[in-house]
1. How many residues are surrounded by fewer than 19 Cβ atoms within 10 Å (Cβ to Cβ) and outside any helix (DSSP H, G or I) if we restrict to the range 275-288?
2. Can you name the residue in the range 198-215 that is farther than 16 Å from residue 231 by Cβ and either in a helix (DSSP H, G or I) or modelled with pLDDT of 65 or more (or both) and, of all such residues, is nearest to the chain's Cα centre (by Cα)?
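The values are calculated or read from the model by the stated rules, or taken from the named source; none is laboratory data. Since the structure is predicted, the reported quantities are computational estimates derived from the model, not experimental observations. FYI the Cβ positions are ideal-geometry reconstructions off the backbone, even for glycines, and counts take in every protein chain you see.
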């Protein structure tokens, strides 16, 4: 059975928003949580530590719910390895801080173990070949990472990749659980609020031409068509163990304040008979 995992890269500061009309992560998460509770749909929130620490009591009140898992999205959203789009990696002590303080922040605010980690930006081949970074994650108590977020040559959309363990790097217990499809902030051009535009990283020829719109999507229905439904259908056709899309609360709320896209997606997930769960729950099932 294919598992469906809703997840959110919770990374926009409440204080340093790029424009006054851009919802903060906390504001956006409130709207997202309302839809999840209405549909009884679990989710994993990968939260940046510096964002979490701005209003820890509010995030705790909102996300301390059996329906949700809270995992780390690093301490301050700095990359762990060089990235062709997001820039070079910082010094080794700063990488250590991104892992350790990010995990510790989640555990301190929510009073429970943080078993998951999603690095800033993500990578095409995950954290393969980086035993130093994997060692930091292992020592921090992390048991799964979700870092495969791009296709070949850092292209989008990302294919329906399967989970694997980092045994070749010496960490057979540490598991990679990829996410799929578009980074939705690219698909909708939401990054333009930063004043720098958005890079369209489409591989030529596109491996999934049906998932490539002629321009930025303009409606929640278009987003659902080109990204959500397409990759859910593809995961089912391939018999994938899971499918998970790459969403950002601030971008979702900016583009679709009523969260119409989430409504469409959650209904479709139920109609297709997928089994919803969190990343942590999926990781536990893989270990059974």
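1. 2
2. Quick first cut of the range 198-215, residues farther than 16 Å from residue 231 by Cβ only: 198-201, 204-205, 214-215.
Imposing the further condition that a residue be either in a helix (DSSP H, G or I) or modelled with pLDDT of 65 or more (or both) reduces the set to 201, 204-205, 214-215.
Details: 201: 18, 204: 25, 205: 26, 214: 25, 215: 23 Å.
Step by step, filter the range 198-215, then rank; the result is 201.
Yes/no per residue for (1) modelled with pLDDT under 95; (2) over 17 Å from the mean Cα position of the chain (by Cα); (3) assigned to a loop (DSSP other than H, G, I, E, B); (4) at positive phi:
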position	(1), (2), (3), (4)
230	no, yes, no, no
233	no, yes, no, no
265	no, no, no, no
273	no, yes, yes, yes
